[in-house]
Amino acid sequence: MEKHICPKFKQCPIFQNNVLFNEQTGKTYKNLYCLAGPDQYMSCKRFIVSEKTGKQIPQDIFPNCQLKTNDIIKRVESNQ
């Protein structure tokens, strides 16, 4: 896998266009986070929470989500 692509892109609904927003917004998120290299995808809230929990992240959590990481983790943990 190329180093500039998020290692989670194949299963991430943001990358796969299986998201709750329009196609152009999905492309924008992909370019800003999924395809922009480790500095960017490692700042993605979806990536961070997935790494910490090992669980699937709800589709309504966006890469730049304003919730704190710990709040997202609590939500993910309570849904499992």
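The values are calculated or read from the model by the stated rules, or taken from the named source; none is laboratory data. This is a predicted model, so every value here is computed, not measured. When we count neighbours, we look across all protein chains shown, and the Cβ atoms used for this are built from the backbone with ideal geometry, even at glycine.
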inquiry  = Please determine whether any residue of the stretch 36-54 is exposed (fewer than 15 other Cβ atoms within 10 Å of the Cβ) and on the phi > 0 side of the Ramachandran plot.
reply    = yes
Per the filter on the stretch 34-64, residues farther than 14 Å from Q11 by Cβ and among the charged types (D, E, K, R) are D39, K45, K52, D60
Those residues of the stretch 27-67 that are free of Cβ contacts under 8 Å to residues at least 24 places away in the same chain, basic (K, R) and in contact with a helix residue (DSSP H, G or I) (Cβ under 9 Å, 6 or more places away or on another chain) come to a total of 1
The condition from (1) at pLDDT 90 or above; (2) in contact with a helix residue (DSSP H, G or I) (Cβ under 6 Å, 6 or more places away or on another chain); (3) not aromatic (F, W, Y) that K74 misses is numbered (2)
The correct count of residues that are under 18 Å from K45 (Cβ atoms) and at pLDDT below 75 in the stretch 1-22 is 7
